[in-house]
Amino acid sequence: VHADHPLAQLGENTPLGLPDLASHQQIVLTDPTPLSEGRAFGVLSPYTCRVNTQDAKLALIRAGLGWGRLPEWQIQDDLQTGRLVRVGVTDLGRNSQVEYEAYLAHRLDEPLGPVAQAFRQALMEQIA
């Protein structure tokens with residue numbers, strides 16, 4: 001959230017729960033494809049503003065118009081300068097972070113091609 005947002009004052013040191021979020025607008029990225037039609041992921045507030053790009057979501061959060069989940073790499077500078085504040089939300093997972101796993105599946109009877117080898121190497125470097 002923006003540093004001046006009311007949730008920033010509530011949640012800098014204390015994890016927030018659903019009652020804390022209920023009256024604050026959540027900025028939510030909408031999938032423009034039918035793949036997730038009728039499904040919501042990580043939507044915790046009854047008040048939402050749906051946007052179709054991650055950049056629009058970031059701009060609205062930077063403007064203080066709501067709260068939302070964003071990748072750490074995208075907001076690292078905002079957190080360091082104090083423009084945005086990380087708030088703990090217990091319903092978003094351990095340490096209020098959502099972690100994803102990636103797998104590289106391939107046939108064991110055929111070697112990886114050059115692109116797949118480079119991709120595997122990049123994944124391994126991210127792990128290390």
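A few remarks follow.
- Overall dimensions of region 1-73 as given by Cα atoms, namely Rg and Dmax in Å: 12.6, 39
- Remark: region 60-66, residue by residue, has Karplus-estimated 3J(HN,Hα) of 5, 5, 4, 7, x, 8, x Hz, where x stands for each Gly or Pro and the curve is 6.51 cos²θ - 1.76 cosθ + 1.60 at θ = phi - 60°.
- Residues in region 120-125 carry Karplus couplings, in order, of 4, 4, 5, 4, 5, 5 Hz; the curve used is 6.51 cos²θ - 1.76 cosθ + 1.60 with θ = phi - 60°, and Gly or Pro positions show x.
- Along the chain, counting only GluC sites (Glu not before Pro) with a DSSP assignment other than H, G, I, E or B and at most 11 other Cβ atoms inside a 10 Å radius, the longest segment between sites is 38-98.
- Farthest toward positive dipole pole in the chain [+1 Lys/Arg, -1 Asp/Glu at C-beta], among P114, V89, A59: A59
- A cut-off under 15 angstrom between Cβ atoms defines the neighbours of E37, and their net charge, with Lys, Arg +1 and Asp, Glu -1, is +1.
- Residue ranges 2-9, 50-57, 75-82 sort as 2-9, 50-57, 75-82 when ordered by packing (mean number of other C-beta atoms within 10 Å per residue, highest first).
- For the chain, the longest piece that avoids every one of the chymotrypsin sites (Phe, Trp or Tyr not before Pro) found in DSSP loops with at most 10 other C-beta atoms within 10 Å covers 42-99.
- Cα-based equivalent ellipsoid, the chain: semi-axes from gyration tensor eigenvalues, Å: 33, 18, 14
- Average Cα contact separation per residue, the chain, under 8 Å, 6 or more apart, as relative contact order %: 31 percent
- Inter-label distance for A105 and A56, nm, one decimal - labels placed 7 Å from Cα along Cα-to-Cβ: 3.3 nm
- Taking the number of Cβ atoms within 10 Å of each Cβ as an exposure proxy, the fewest-first ranking of S45, S23 is S23, S45.
Since every read-out is calculated from the coordinates, none of them should be taken as a lab result. All of these numbers come straight from a predicted model, not from anything done at the bench. Here the Cβ is made from the backbone with ideal geometry for all residues, glycine too, and neighbour counts use every protein chain on show.
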